[in-house]
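The values are calculated or read from the model by the stated rules, or taken from the named source; none is laboratory data. Fair warning: this is a prediction, and the values are worked out from it, not measured in the lab. Glycine also receives a Cβ, built like all others from the backbone with ideal geometry; neighbour counts cover every protein chain displayed. For accessibility, only protein heavy atoms count, side chains too; no ligands or nucleic acids. Shrake-Rupley method; radii C 1.70, N 1.55, O 1.52, S 1.80 Å.
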Amino acid sequence: MLGALCPIHRGLSSVLAKLLYASCFLLLLLGGGVLLAEDSTVHGSVRVVHRSESESDSGEVVIWLTPLQSGGSAGPGPMARLLQKNKKFVPHVLAVTRGTQIEFPNEDLFFHSVFSIHQGKTIDLGLYESGAARKIRFSQPGVSYIFCKIHPEMSAVVVVLQTRFFAMTDVAGNFQISHVPPGRYKLEIWHELAATGELNAQARELNVVSGENEVSGIVLHSSDAPEEQPAKDGDPDYGSSGKARSR
């Protein structure tokens, strides 16, 4: 009896297997189409024109895309680090999403006292010794200028964004933002040594399509000297010396 049914059973198994294979293939094809549609890349370059002919660096320009449709807001990213070493903050410019926690380890052989000037908030990590670290969550979007009370030549910048679609240029000015879903975005940029008016003028709408999207024609003019920022106590003298580039 079972032997007589075996051929039928095998036939049904073969048909079911083919249907299952076809279904899996269709799901994989559709899923792959969705992934491919969302796996768009926005790339390009930014040229920074310096006053001094000896300067040619086009790095540390932050570029970000804000979706014009609903959604796309970013939560906190993994913890970032702003190292203190050789009387410098490393890196000099750090871009993170809103809510990201940043660690400030002291790897110098002496004390540091880190504080920041922010568009809407200031932080003060206090005095701490070599080998110690402080952490703080950057919960407000905007630009924070980081200093050390003890070493006024030290400075850094933290750019806090509300979108996960961002990148920073390399020395040659190249950038790439990957995994951007197709749609309409507002492209904005920031550079420490560019005038605010020029940065605002570079903002534009961008229609991201599937595949590669190139952004061209971004040119910034550097003052080759950071804009003066007020000190924590309101004294502009510290800001003038404190934001000197320490590379």
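Structure summary
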quantity	calculated
Sulfur and carbon atoms: percent of accessible area, the range 51-120 [1.4 Å]	50 percent
Global geometry of the range 38-127, whether rounded, prolate or oblate, following the gyration tensor of its Cα atoms and the 1.5 cut on a/c	oblate
Mean Cβ neighbour count within 10 Å, used as a protection proxy, ranking 89-96, 199-206, 173-180 highest first	89-96, 173-180, 199-206
Restraint check, 87/135; 85/135; 88/135, Cα-Cα greater than 25 Å	none
Accessible area per residue, Å², the range 43-117 with all protein chains present, probe 1.4 Å	47 Å²
